[in-house]
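Beneath this line is the structure, given in structure tokens, with notes to follow.
Readers should treat all values here as calculations from the given coordinates under stated rules, not as data from a laboratory. All values reported here derive from a predicted model rather than from experimental measurement. Note: ideal-geometry Cβ built from the backbone for every residue, glycine included; neighbour counts use all protein chains shown.
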Amino acid sequence: AQKITQTQPGMFVQEKEAVTLDCTYDTSDQSYGLFWYKQPSSGEMIFLIYQGSYDEQNATEGRYSLNFQKARKSANLVISASQLGDSAMYFCAMRDYNQGGKLIFGQGTELSVKP
Amino acid sequence: NAGVTQTPKFRVLKTGQSMTLLCAQDMNHEYMYWYRQDPGMGLRLIHYSVGEGTTAKGEVPDGYNVSRLKKQNFLLGLESAAPSQTSVYFCASSQGRGWNNEQFFGPGTRLTVL
């Protein structure tokens with residue numbers, strides 16, 4: 001069964017610094033996709049970045065980048081130049097081809113950005 | 001495009017009452033999903049649909065029913081609400097189930113069962 005593990009319940013970072021949020025995954029599939037979502041205190045799920053298992057380069061979207069290490073089965077999210085508005089819960093997720101392609105989520109990391 | 005919308009945004013029920021949550025999407029997506037999010041946890045799949053007229057069970061289906069009579073709508077019903085169903089409910093849609101298909105989420109419905 002596929003599984004996502006986020007081992008950091010909470011993280012603090014100083015404004016303007018970079019921060020890495022950890023995500024490890026377990027799957028026996030050769031093809032898979034990994035996603036990161038942001039959930040601010042308002043509650044909505046905001047898609048941040050996607051990495052495909054066969055993508056040769058690490059995904060980047062503005063200040064977000066994904067440090068993808070396939071052999072280690074890790075897909076860490078890196079946020080550069082943190083802003084106060086980055087304070088939120090962050091979820092790593094993977095598509096499961098079964099059950100209609102559901103997303104399997106980790107437990108999340110709560111990021112707090114200090115001024 | 002409104003994307004994925006959910007109605008209502010908030011609801012308080014008494015144990016034993018029933019209600020229906022409505023999800024609508026305007027992206028012509030085939031796949032739709034209902035998830036629930038409990039405190040300190042990621043989302044878990046309740047039910048899903050792979051097209052109009054189809055529904056299937058997810059990880060935590062007990063106590064819920066769903067219907068997809070129209071492609072753009074996916075309804076989640078609670079026939080007899082229980083306090084354990086207090087949660088935030090998210091609807092999502094996707095063009096396909098492939099590993100590179102993004103799921104688009106609605107804003108969520110916060111349900112409290114007393």
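Observations
- Taking amide H atoms as placed 1.01 Å from N in the peptide plane, the amide H of A:Tyr32 lies under 5 Å from those of A:Ser53, A:Tyr54, each 5 or more residues away in sequence or on another chain.
- Based on Cα contacts under 8 Å between residues 6+ apart, chain B shows a relative contact order of 35 percent.
- Peptide B:99-111 has a mean of 5 when you count, residue by residue, the C-beta atoms of other protein chains within 10 Å of its C-beta.
- Sequentially through region B:44-59, phi angles give Karplus couplings (6.51, -1.76, 1.60; θ = phi - 60°) of 10, 6, 9, 9, 8, 9, 9, x, 3, x, 10, 8, 8, 7, x, 6 Hz, Gly and Pro residues having no value and appearing as x.
- Each of A:Tyr97, A:Gln39, A:Ser87 was scored by the projection of its Cα onto the charge dipole of chain A, and the greatest displacement toward the positive side belongs to A:Tyr97; charges sit on the C-beta of Lys, Arg, Asp and Glu.
- Region B:64-106 - Rg over Rh from alpha carbon coordinates, Kirkwood radius: 1.05
- Contact order normalised by residue count of chain A, Cα under 8 Å, 6+ apart, percent: 36 percent
- Separation of region B:1-72 from region A:31-99 is 24 Å, based on Cα centroids.
- For the protein assembly as shown, convex hull of alpha carbons as volume per residue, Å³: 121 Å³
- For region A:100-112, 3J(HN,Hα) per residue [Karplus equation, 6.51 cos²θ - 1.76 cosθ + 1.60, θ = phi - 60°, Hz, x = Gly/Pro]: x, x, 5, 8, 9, 9, x, 7, x, 10, 8, 9, 10
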